[in-house]
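Chemist: Input: one structure, supplied below.
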Amino acid sequence: MAGLVDYYDSLTFNGSFDKAQAVLKKRDNYAHQREYRFALDRGNEVEEAFTLPVGSLRDIAIGCRTSEVNDLIRGYLHQMKAQGVFWGLGSNGTESVLKPCACP
């Protein structure tokens, strides 16, 4: 599972999330982090370190200045959303909506 984290108001929310939804939920006092998460269910009850081998990223990575990272990531996430590459759950369990943007 992968998607943008959905931030909820911990002062007004008093419910619960099912296991699948909980992976992409976080209290809104962390909303400034604007996370994208990957979650893997390895079917293993024992918690242990896991290394995900991804190989070379040269064909999908770009070089940029540190000051540009957030804007570039935001732009690419919006592009991917518009292309239907991934989805996230909104606070009521429905698909969240991202506004498409013109990205570099």
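Chemist: According to a simple spin-label model (label point 7 Å from Cα along Cα-to-Cβ), what is the distance in nm between His78 and Val54?
Modeler: Each label point is offset 7 Å from its Cα along the Cβ direction, giving 2.3 nm.
Chemist: Follow-up question, since we're still on this one. When Ile73, Ile62 are ordered from fewest to most other Cβ atoms inside 10 Å of their Cβ, what list results? Don't skip to the end; give the middle numbers.
Modeler: Numbers: Ile73 13, Ile62 10.
Listed from fewest to most nearby Cβ atoms, that is Ile62, Ile73.
Chemist: Largest first and in whole Å, what are the equivalent-ellipsoid semi-axes of the stretch 1-71 based on the Cα gyration tensor, each being the root of 5 times an eigenvalue? Write down the numbers at each step before the final one.
Modeler: Values: eigenvalues 151, 95, 16 Å².
With the √(5λ) rule applied to the stretch 1-71, the semi-axes are 27, 22, 9 Å.
Chemist: Sort Asp18, Asp6, Asp28, Asp71 so the one with the fewest other Cβ atoms within 10 Å of its own Cβ comes first.
Modeler: Details: Asp18 9, Asp6 20, Asp28 15, Asp71 12.
Lowest count first: Asp18, Asp71, Asp28, Asp6.
Chemist: Skipping prolines and chain starts, which residues have an amide H placed within reach, meaning under 5 Å, of the one on Tyr8, given they are 5 or more residues away or on another chain?
Modeler: Under 5 Å from the amide H of Tyr8: Lys26, Arg27, Asp28.
Chemist: For the pair Asn14 and Tyr36, what calculated FRET efficiency results from E = 1/(1 + (r/R0)^6), where r is the Cβ-Cβ distance and R0 = 25 Å, to the nearest 0.05? Each step should come with its number before you reach the end.
Modeler: Numbers: r = 27 Å, r/R0 = 1.08.
Rounded to the nearest 0.05, the efficiency is 0.40.
Chemist: Using Cα centres only, tell me the gap between the stretch 1-61 and the stretch 69-84 in whole Å.
Modeler: Answer, in whole Å: 17.
Chemist: Something else now. On a full-extension model of 0.36 nm per residue, what is the gain between Arg27 and Ala61, subtracting their alpha-carbon distance, rounded to one decimal in nm?
Modeler: On the way: separation 34, 0.36 × 34 = 12.24 nm, distance 3.06 nm.
So the extension gain works out to 9.2 nm.
Every number here is computed from the coordinates shown, using simple stated rules; none is lab data. Just so it is clear, the structure is predicted and the values come from calculations on it, not from any experiment. Glycine also receives a Cβ, built like all others from the backbone with ideal geometry; neighbour counts cover every protein chain displayed.
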